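Encoded as structure tokens, the structure appears first; notes follow it.
The values are calculated or read from the model by the stated rules, or taken from the named source; none is laboratory data. Values in this document were obtained by computation on a predicted structure and should not be read as measured data. Virtual Cβ from ideal backbone geometry, glycine too; neighbours counted across all protein chains shown.
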Amino acid sequence: MHFAGVDIGSTMTKVVLIDKSDNQLSCIKGPTGPEHRRLANEVMRQALQQASLQIDDISYIIATGYGRLNVPFADRQITELSCHARGVSTLFPGVRTAIDIGGQDAKCMRIHDGRLISFVMNDKCAAGTGRFLEVTATALGIKLEDMGDISLKATKRIHISNLCTIFAQQEVIALLSRGEKPENIVAGLHDALASRVAALARRLGIEPDLVLTGGVAKNIGMVRAMKDSLGCEVLVPEEPLITGALGAAILAKEIYTKAVEAGQVLPTKSRRLEKATFFAEEHR
Amino acid sequence: MSDKSKGLNKAREIYSNNSQRARELKAAGKKIIGYPCVYVPLELLTALDLVPYRTCGDIKEPVTEADRALPHSFCPIMRNCLDCALKGKNDFLDGMVTIHSCDPQEKTARIWESYTNYPYFHFIDMPVTVRPEALEYFKSQLNDFRKTLEAFTGKKLPKDKLEAAIKSYNQQRTLVRELYELTKPSPPRISGTEIVQVVKALTSLPVSEGNDLLTEVIGEVKSRTDVPEKKLTRLLIWSSTLDDADIMQVFEDKANVVMNESCGGIRAYRAAVKSTYDPLEGLASYYLNEITCARTFRQATPGETGKDYARDLQSRFGYLKGIIRDWKISGAVMLLVRYCDPFAFEMPSLKDYFDSIGVPSTYIEYDYTTGALAPLRTRAEAFLETISQ
């Protein structure tokens, strides 16, 4: 028996396949993009190939994330909050607070016994999300993935006063023209984002162990800034992008197993890998 | 609207095209008066043979025109309502009654008046506390309102006609409460989405037609066989305004919303206007004291509760306890319209109150646009997953 979790985030699509003992058989990440959102089948195909499995071998599939409704072959949809909570608890059984900073939103979750008990998310704007770093990296002319290492060279702390992504971009340009070094500015940006997310987490209440996930957790400078802002240890999974997809796969296994034990047959979707279609397309 | 349409179908049609009846009545010689908020005492309009029409927003309408008059970080509902007015969607109105129910209403009223050209425009200055002095002042404001209406229509407001109007609206309140009795069973006999459509239809019709519609709907719902599907959670939604069926449907995809405690639901119908020698007295008391919108400051006086937070919460939110018991509520959503300060400031206390009576609750913010639907869905579903797993 095999299970799949498909996490369609605003920036990245992730697929995790597991067996009945929770062993990860494959893990594929790809950009979501405007066209890719309807190509969840492609990412799934790659994941199956990596695990040498056929789509019919998958007993139950759960889709999660922003694009969870656009996965035609998924048997059920569960929000990314519940899936992250489940995925993080599998990797860190002692977790009580999880913070996920993605491309479009930031989520803080309180977890008990592996289950989501409460959560808070950022408002709809880009402040407090990965987009804040993407936009400001562009303004600085550096690569997003280099920001962490660059920030470690900082020699002084610069305070970025604007939390709005657009205004922060202007502030960065003003700082550059004043002669501030990019590494100091990057460190300041990390502090600004971390303080915003930490404030969100404090609304919910912080209890250790605390785990940071999402693309932003790959940035060592951000992890350090989060530690400073939260005033507690911050744990990071080896692969912080896939906790949502992993949690979805584990929930798929749990839901399926529970149903089998209860003698129920869960309805499943067609196991044909086809791309999602949208109403607008059908009417064209 | 087809002649055959009745009950829920008729409510849905009116909801989808809610100015049609007002336009028909206008063509038949009636005078139509707009109002943006349920705090406006419609009884006075009806008693003078004027037709009240609630000027609602439309979440599908992108705000463009209101941008020249109102700031961005401002009540999205009032921005939307004014936008619709500036685009001429209410051009059939003969007048408008606005009210200081909250600051955005007051600010928008001034702008509405200066940007439009209705033959009648009035602003009611409504106090924000429930003190006896406030009641006296509000009554005097209603008296001024009466005088402006008399001047506009050129006729005196007879007491018996006002009393008859009060009776009709009280009947409407009774009928809406009766409708909400039908969400008590599990599954409910009527969905929260259907009720949103019915309540919006009521605010677009003369009171007698609204009461006829309610009677039809109640009869149909009592005998229907296609009741809503039973979901795991019975939700209470507490909000300033939840008057859009698409927004409601986001919640109802995964839960039964059996109580909509907002002005798109039961809020303006939970009590009745008391019979008083001076009808304005009963009206003032009802509108100031009985409508449970956060715009009114209700903290108990120190003499009543001292610094006893639990008793203070009880005095402010105690009415919800009976609802939670009688409607077997298993979860509560505090749905905040962005930038709505009066409701935002109530949330931490209300959260404490829900915690104290053991009802799981969450807080979700939305901005009254269709763009809000996807983020709203994630938050709503995640909350439902926490309570039904």
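Of the helices (runs of 4 or more DSSP H) contained entirely in segment B:1-49, those carrying at least 1 residues that are without any contact (Cβ under 8 Å) to a residue 40 or more places away in the chain fall at B:7-16, B:20-27.
When segment B:354-389 is filtered for residues that are more than 8 Å from every other protein chain (Cβ to nearest Cβ) and of a type in the set (A, V, I, L, M), the ones remaining, listed by number, are B:ILE357, B:VAL359, B:ILE364, B:LEU373, B:LEU376, B:ALA380, B:LEU384, B:ILE387.
One residue stands out among those in segment B:78-100 that are assigned to a loop (DSSP other than H, G, I, E, B) and in contact with a strand residue (DSSP E or B) (Cβ under 8 Å, 6 or more places away or on another chain): the one that is farthest from B:GLY34 (Cα to Cα), which is B:HIS100. For segment B:277-330, the candidate set comprises residues that are in contact with an Asp or Glu (Cβ under 8 Å, 6 or more places away or on another chain) and among the polar types (S, T, N, Q); within that set, the residue that is modelled with the highest pLDDT is B:THR292.
One line per residue, one yes/no per condition, for (1) of a type in the set (A, V, I, L, M, F, W, C); (2) in contact (Cβ under 8 Å) with a residue 60 or more places away in the chain; (3) within 18 Å of A:LEU235 (Cα to Cα):
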position	(1), (2), (3)
A:ALA98	yes, yes, yes
A:GLN104	no, yes, no
A:LYS107	no, no, yes
A:SER118	no, yes, no
A:GLY130	no, yes, no
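Would you call B:ALA284 of a type in the set (A, V, I, L, M), within 14 Å of chain A (Cβ to nearest Cβ) and in contact (Cβ under 8 Å) with a residue 60 or more places away in the chain? The answer is no for B:ALA284. Could you say whether any residue in segment B:312-320 is in contact with a Phe, Trp or Tyr (Cβ under 9 Å, 6 or more places away or on another chain), among the charged types (D, E, K, R), within 14 Å of chain A (Cβ to nearest Cβ) and within 22 Å of B:CYS102 (Cα to Cα)? Looking for residues that are in contact with a Phe, Trp or Tyr (Cβ under 9 Å, 6 or more places away or on another chain), among the charged types (D, E, K, R), within 14 Å of chain A (Cβ to nearest Cβ) and within 22 Å of B:CYS102 (Cα to Cα), one finds none in segment B:312-320, hence no.
For (1) under 17 Å from B:ASN256 (Cβ atoms); (2) without any contact (Cβ under 8 Å) to a residue 40 or more places away in the chain; (3) surrounded by fewer than 17 Cβ atoms within 10 Å (Cβ to Cβ); (4) not charged (D, E, K, R), each residue gets a yes or a no:
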{"position": "B:ARG177", "(1), (2), (3), (4)": "no, no, yes, no"}
{"position": "B:PRO188", "(1), (2), (3), (4)": "yes, no, no, yes"}
{"position": "B:GLY192", "(1), (2), (3), (4)": "yes, no, no, yes"}
{"position": "B:LEU202", "(1), (2), (3), (4)": "no, yes, no, yes"}
{"position": "B:ASP212", "(1), (2), (3), (4)": "no, yes, yes, no"}
{"position": "B:VAL217", "(1), (2), (3), (4)": "no, no, no, yes"}
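Counting only helices (runs of 4 or more DSSP H) that fall entirely inside segment B:137-244 and contain at least 3 residues that are under 15 Å from the mean Cα position of the chain (by Cα), the qualifying elements are B:159-181, B:192-202.
Hey, among A:ASP123, A:ASP149, A:ASP113, which residue is more than 30 Å from B:TYR363 (Cβ to Cβ) and of a type in the set (Asp, Glu)? Explain how you work it out, then say what you get.
On the way: A:ASP123 fails: more than 30 Å from B:TYR363 (Cβ to Cβ); A:ASP113 fails: more than 30 Å from B:TYR363 (Cβ to Cβ).
One residue alone meets the criteria, A:ASP149.
Being part of a loop (DSSP other than H, G, I, E, B), under 18 Å from A:VAL197 (Cα atoms) and among the aliphatic types (A, V, I, L, M) is a property that does not hold for A:ALA168. Of everything in segment B:62-78, what is of a type outside the set (A, V, I, L, M, F, W, C) and touching a residue at least 24 places away in the same chain (Cβ under 8 Å)? Give them in sequence order. Correct list: B:PRO62, B:SER73, B:PRO76.
Annotation: B:LYS351 fulfils all but one of (1) within 11 Å of chain A (Cβ to nearest Cβ); (2) under 22 Å from B:ARG234 (Cα atoms); (3) loosely packed, with under 14 Cβ neighbours inside 10 Å; the unmet one is (3). One residue is enough: does segment B:362-385 have a residue meeting the conditions of a type outside the set (Phe, Trp, Tyr), over 30 Å from A:GLY65 (Cα atoms) and more than 20 Å from the chain's Cα centre (by Cα)? Scanning segment B:362-385, I find no residue that is of a type outside the set (Phe, Trp, Tyr), over 30 Å from A:GLY65 (Cα atoms) and more than 20 Å from the chain's Cα centre (by Cα), so the answer is no. If you go through segment B:346-359 and pick out every residue that is closer than 11 Å to B:ILE324 by Cβ and not hydroxyl-bearing (Ser, Thr, Tyr), you end up with 4.
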